[in-house]
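Peer 1: Below: one structure in structure tokens.
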4 protein chains.
Amino acid sequence: MRFAFFGDIVGKTGRRALEAHLPDLRQRLALDFVVVNAENAAAGFGVTEKICEGLFDLGVDALTLGNHAWDQRETLTYIDREPRLLRPANFPAGSTPGKGANLIEAANGSRVLVVNLMGALFMETLDDPFSTIERELAAAPMGQVADAIIIDFHAEATSEKMGMGVFCDGRASLVVGTHTHVPTADARILPGGTAYQTDAGMCGDYDSVIGMDKEEPLRRFTTRMRTGRFEPATGEATVCGVFVETDDATGLALRCEPIRIGGQLSGQIPQS
Amino acid sequence: MRFAFFGDIVGKTGRRALEAHLPDLRQRLALDFVVVNAENAAAGFGVTEKICEGLFDLGVDALTLGNHAWDQRETLTYIDREPRLLRPANFPAGSTPGKGANLIEAANGSRVLVVNLMGALFMETLDDPFSTIERELAAAPMGQVADAIIIDFHAEATSEKMGMGVFCDGRASLVVGTHTHVPTADARILPGGTAYQTDAGMCGDYDSVIGMDKEEPLRRFTTRMRTGRFEPATGEATVCGVFVETDDATGLALRCEPIRIGGQLSGQIPQS
Amino acid sequence: MRFAFFGDIVGKTGRRALEAHLPDLRQRLALDFVVVNAENAAAGFGVTEKICEGLFDLGVDALTLGNHAWDQRETLTYIDREPRLLRPANFPAGSTPGKGANLIEAANGSRVLVVNLMGALFMETLDDPFSTIERELAAAPMGQVADAIIIDFHAEATSEKMGMGVFCDGRASLVVGTHTHVPTADARILPGGTAYQTDAGMCGDYDSVIGMDKEEPLRRFTTRMRTGRFEPATGEATVCGVFVETDDATGLALRCEPIRIGGQLSGQIPQS
Amino acid sequence: MRFAFFGDIVGKTGRRALEAHLPDLRQRLALDFVVVNAENAAAGFGVTEKICEGLFDLGVDALTLGNHAWDQRETLTYIDREPRLLRPANFPAGSTPGKGANLIEAANGSRVLVVNLMGALFMETLDDPFSTIERELAAAPMGQVADAIIIDFHAEATSEKMGMGVFCDGRASLVVGTHTHVPTADARILPGGTAYQTDAGMCGDYDSVIGMDKEEPLRRFTTRMRTGRFEPATGEATVCGVFVETDDATGLALRCEPIRIGGQLSGQIPQS
Ligand SMILES: [Fe+2]
Ligand SMILES: [Fe+2]
Ligand SMILES: [Fe+2]
Ligand SMILES: [Fe+2]
Ligand SMILES: [Fe+2]
Ligand SMILES: [Fe+2]
Ligand SMILES: [Fe+2]
Ligand SMILES: [Fe+2]
């Protein structure tokens, strides 16, 4: 099958860019499945039911989140009604609304396990991501329960992200990072057959500080005072993501290529 | 002028790859100046006099370091004898050997200010990088004292790195990140004319965890015990860096393009 | 001279407790000077002009702050009009309102240098506290410019706090920590003559989580979601601080004893 | 029953002090049970079989550890042979040698559940301490399976430690912190009947930086270079701990008082 993953949508400019480019991409790349990280879609902070529905209408099959999962209070209840919206799987079991992993049917009938996971290094405390993913992979083994497995590892440190790639290699279709809002140039297929890119990059305006208007971040870096508010930058966004083609029998990757369209970054579109 | 910056050399495989490709690159891209981050050149931990001399012989004009600056004790004295070897400028003034910035003459006679700087987020405590770079830029303004300014910002967080790019925009030729060991796909020229890439990536084997053999990092991630030693991976390295061409009068960037040669990553060489 | 330092006032219960006990303490211990950390006095978050004035009217001679310095916007301007209100001295020079150190006259005519300083470990990034205090101590040497020197080191890690005590030993009358909101049982005079206590403790309700009503902190620890608001606990506060008597000629400490009055903790009042 | 807990033994001076004072304390306070944190007993780094045996011979009933658990390689195998030596319970299940909690018989026949747990804030990543302790308390409820429960919470942040006290209040005999190496002056019985002290303090020389000779820590704080080695300070140690008397039927606390004997700190011994 053929799928794409797009990194953190930051604000309205990110949503507009995805709206502008996804229908064409879906067709051109013959995508069977699309996953998008939406943790910053609502003016940079979390996501709303309305925004999620807009994204599903656009042809997105699953949405993931991250440390901004609960920035909008409505997510606390909405996520229990919407199985296609996932929050990191390593939030404490029992007390956390929603799910961290779900088996979702693709347009072509394939069952895709989508997992959202948060890193431990330099992030707020959750359960250990490595034992969590071990459990999720055991519950829906690829080639048996799942036809493909897409893991969004929302994490800061490159060491932990490469470690997660290595840990899941051969057991997932794609391990892709989010959270840093900068795409990495290391898309590749790991030795065991898992597609990997350290960070998908954001769908946001790169003439910014990780998608936010430059003024307030600069003020904080130079004054060390948190006196203003962060606002998403409003220039044209770059749509950033990864395209993966998998072997239908094994779920392992045959192709793994970056996608970058529009805005400040150099463009990159996989050959159809 | 035309120059290149290459990210953290990790161990012998990184050094071998640079030896194999730099002479050809220097000629093909007509480089006037080359800077390399060498903080992991000595088996992953710091650098030695012998390794530095080998790199200078290879045609490297300046070397930068980072949090691994002092891993080899000989660096504490060698750096005072070698003005082309720089350590982060925001180590405490007075007590720290070596310099954090230096004006170095290029092959074409240009005076290039090279600055090494360490980030504050998720890193060990040093002086504030923003006030430090402000001071360095004031001491050798571009277009007056310096013909070009190259800033290696050794930092973890993409927010701080993009913030540093914005802060120096129009006042430096290049702000490039190091330390994460993964190249980012965001090479560009900022609005004020400064070339920018969030991370240069390492010169190391990417079939690894940030250049280190996978076994020990995986053991630490899964057991949370530090019982073994890190060893550099030994597969073929990818040489990762950035190529920049500047306006001789202003020092601002005319071109900014990524370089990736060999090993696991997709290749990318700027047009001559 | 004889002075007392009291740790972070947390909310109204902390203010009430200080109001109830300070007049009596001032008389009983024959205090010439009183310093209080007020970073949490305004419902847990920063301080207001009105609260500061109430504290000065109560007989407090100087107020210090910490990471909550700017929680109330009015502090940004008020601090420039009120020389007895200090914020951490290692905020960036130039851009930060107010002062981090000031020479304040005591009731008995002594000139007391009060310094507020923030730690680097596990705290937000400021300038290095050790080089900052070195500069402040050089500017107003004890026994020459200052008759006594009181340093409020607002920091998390005990290693950094003991390190600061050792670093200033013989050059200050008192190095006392704040920020952890728990008094330490290690009041003593260091070998060089500087009084020292790792943390003064808070003036707040200890039937709480560091002064805050238990419910929301517990929710965050168990759910890892930041969905509620912190409110100060409202039970009776314990007034926590340190009493120091110094040699008038040298400024060095002759006595250093803990103060704890009221609320949940065991009481401790120095002999007059 | 009556028991005592003593904080991190730092090096030989800490061991000598405990040897000098524990036999007398055991008798004077009629102790039925003694727990000691030994994570720094072997020259500051971990513990050895020989040191553990010496401590058991001295009358210690259980030993706990912390982030230094594995500093001595022999602990990896010794801990599987010695059920009285515990490491933090929130190390990953399955891969970690030893146990994090154990039911140990006291001299008077009582069954005491001793739990060692590591904090999440500002510490290395382990499993969540709150869900871990929930599981341990459920497995051996106080008043049913266990006659008393002693929890050593090895953690940095006072907020997390007070949070753990609140979380376990009414379900454990004692929640006491270790790791900061400074005793807190907040020994008390929480509303639900659990004895609590934020940190027990170390058994070590306080004329130091958290038990280590002052020279190297000071060098690191002022130069920010890790060029030397940490060595335990060698002056007379203060034995620091907590004395608790419990109700035999419920396991809840009747008394909770600090212990400090010898060395630099003011002395404090509970009345017999
Ligand atoms: Fe994000
Ligand atoms: Fe994020
Ligand atoms: Fe590096
Ligand atoms: Fe580094
Ligand atoms: Fe505070
Ligand atoms: Fe604070
Ligand atoms: Fe310790
Ligand atoms: Fe520890």
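Values quoted throughout were computed directly from the atomic coordinates according to the rules given, and no laboratory measurement underlies them. If you're wondering where the values come from, they're calculated on a predicted model, not measured in any experiment. Cβ: placed from backbone, ideal geometry, glycine included. Neighbour counts: every protein chain shown.
Peer 1: To the nearest 20 Debye, how big is the dipole of the protein assembly as shown about its Cα centre, given +1 on the beta carbon of each Lys and Arg and -1 on that of each Asp and Glu?
Peer 2: Dipole about the Cα centre, nearest 20: 0 debye.
Peer 1: Around B:Lys50, what is the net charge, scoring Lys/Arg as +1 and Asp/Glu as -1 over all other residues with Cβ under 13 Å from its Cβ?
Peer 2: After counting each charged neighbour, the total is -3.
Peer 1: Same structure again: With the cut-off at 30 Å, tell me which of the pairs A:Lys161/C:Lys214; D:Lys161/D:Lys214; A:Lys161/B:Lys12; C:Lys214/D:Lys214; D:Lys50/D:Lys214 have Cα atoms farther apart than that.
Peer 2: Beyond 30 Å between Cα atoms: A:Lys161/C:Lys214; C:Lys214/D:Lys214.
Peer 1: Pulled fully out, how much extra length does the chain show between D:Thr234 and D:Arg111, if you take 0.36 nm times their separation in residues and subtract their Cα-Cα distance?
Peer 2: 40.6 nm
Peer 1: Measuring label to label, 7 Å along Cα→Cβ, what does D:Thr77 give against each other copy in nm, shortest first?
Peer 2: 4.1, 6.0, 7.2
Peer 1: Taking springs between alpha-carbon atoms closer than 10 angstrom, which of A:Thr64, A:Thr96, A:Thr238 fluctuates most in the Gaussian network model of chain A?
Peer 2: Among A:Thr64, A:Thr96, A:Thr238, the largest mean-square fluctuation in the Gaussian network model of chain A belongs to A:Thr96.
Peer 1: To the nearest 0.05, how large is the calculated FRET efficiency for A:Leu58 and A:Asp248 if R₀ is 25 Å and r is the Cβ-Cβ distance?
Peer 2: Efficiency at R0 = 25 Å is approximately 0.45.
Peer 1: Along the range B:63-77, what does the Karplus equation 6.51 cos²θ - 1.76 cosθ + 1.60 (θ = phi - 60°) give for ³J(HN,Hα), rounded to whole Hz, x for Gly and Pro?
Peer 2: 10, 10, 10, x, 5, 8, 3, 10, 4, 9, 4, 4, 4, 4, 9
Peer 1: Only helical DSSP H runs with n ≥ 4 go in: add -39500 (n - 2.57) per run for chain D, normalise by residue count and round the 222 nm mean residue ellipticity to 500 deg cm²/dmol.
Peer 2: -7000 deg cm²/dmol
Peer 1: Continuing with the same structure: Per residue, how much space in cubic angstrom lies within the convex hull of the C-alpha atoms of the range B:88-163?
Peer 2: Once divided by residue count, the hull of the range B:88-163 is 99 Å³.
Peer 1: Please report Rg over Rh for chain C, where both radii come from the alpha carbon positions and Rh follows the Kirkwood definition.
Peer 2: That ratio is 0.94, to two decimals.
Peer 1: So for B:Asp199, D:Asp186, fewest C-beta neighbours within 10 Å to most, what's the order?
Peer 2: Sorted ascending by nearby Cβ count, the order is D:Asp186, B:Asp199.
Peer 1: Still on this structure, I have one more. Once the label point is set 7 Å along the Cα-to-beta-carbon vector, what list of distances in nm do you get between C:Asp248 and its counterparts in the other copies?
Peer 2: C:Asp248 label point versus its equivalents elsewhere: 6.2, 7.5, 9.7 nm.
Peer 1: Now, a different point. Give me B:Met225, C:Met142 ranked fewest to most by other Cβ atoms within 10 Å of their Cβ, as a rough exposure proxy.
Peer 2: B:Met225, C:Met142
Peer 1: Right, another one. Give me the percent relative contact order of chain C, please, defined on Cα pairs under 8 angstrom at least 6 residues apart.
Peer 2: Reported relative contact order: 19 percent.
Peer 1: Here's a follow-up. Near the amide H of A:Ile259, under 5 Å away, which other amide H atoms are found, from residues 5 or more places off or on another chain, if H is placed in the peptide plane?
Peer 2: Those lying under 5 Å, H to H, from A:Ile259 are A:Gly241, A:Val242, A:Phe243.
Peer 1: Under 5 Å between amide H atoms, partner at least 5 residues away or on a different chain: which partners does D:Lys214 have, H built in plane at 1.01 Å?
Peer 2: D:Val209
Peer 1: Name the chain A residue nearest the rotation axis between A and C, going by Cβ position, and give the distance in whole Å.
Peer 2: A:Phe122, 6
Peer 1: Rank D:Met212, D:Ala157, D:Asn116 by how far each Cα sits towards the positive end of the charge dipole of chain D (+1 on Lys, Arg Cβ; -1 on Asp, Glu Cβ) and give me just the farthest.
Peer 2: D:Met212
Peer 1: Can you check how the C-alpha radius of gyration of the range B:1-94 compares to 2.2 N^0.38 Å, as a plain ratio?
Peer 2: In units of the 2.2 N^0.38 Å rule of thumb, it is 1.05.
Peer 1: Placing unit charges on C-beta atoms (Lys and Arg positive, Asp and Glu negative, everything else neutral), compute the dipole magnitude of the range D:22-115 about its Cα centre in debye, rounded to 20.
Peer 2: Using Cβ point charges on Lys, Arg, Asp and Glu, the range D:22-115 gives about 180 debye.
Peer 1: What ³J(HN,Hα) values, in whole Hz, does the Karplus curve 6.51 cos²θ - 1.76 cosθ + 1.60 give for the range D:109-114 when θ = phi - 60°, with x put for Gly and Pro?
Peer 2: x, 5, 9, 10, 7, 9
Peer 1: When each pair of different Cα atoms in the protein assembly as shown is counted once in the 1/r mean, what is the Kirkwood radius in angstroms, to one decimal?
Peer 2: Here the Kirkwood hydrodynamic radius works out to 30.4 Å.
Peer 1: So how strong a dipole does the range C:2-261 carry about its Cα centre when Lys and Arg Cβ are +1 and Asp and Glu Cβ are -1, to the nearest 20 debye?
Peer 2: 320
Peer 1: Extending each Cα 7 Å along its Cβ direction at C:Gln144 and D:Lys12, get the distance between those two points in nm, one decimal.
Peer 2: 4.2
Peer 1: Here is a further query. Hey, fewest Cβ within 10 Å first, where do B:Glu156, C:Glu136 land in order?
Peer 2: Arranged by neighbour count, lowest to highest, B:Glu156, C:Glu136 become C:Glu136, B:Glu156.
Peer 1: Still on this structure, please answer the following. Estimate the FRET efficiency between B:Arg135 and A:Glu74 by the formula 1/(1 + (r/R0)^6), using the beta-carbon distance for r and 41 Å for R0, to the nearest 0.05.
Peer 2: Taking R0 as 41 Å, the efficiency between B:Arg135 and A:Glu74 is 0.30.
Peer 1: Still on this structure: Can you tell which of C:Gly94, C:Gly59, C:Gly241 shows the greatest fluctuation in a Gaussian network model of chain C with Cα springs below 10 Å?
Peer 2: Highest fluctuation among the options: C:Gly94.
Peer 1: How far is A:Leu58 from itself in the other copies, in nm, if each label sits 7 Å out from Cα along the Cα-Cβ line, shortest first?
Peer 2: Inter-copy label distances (nm, one decimal, shortest first): 4.4, 5.4, 6.5.
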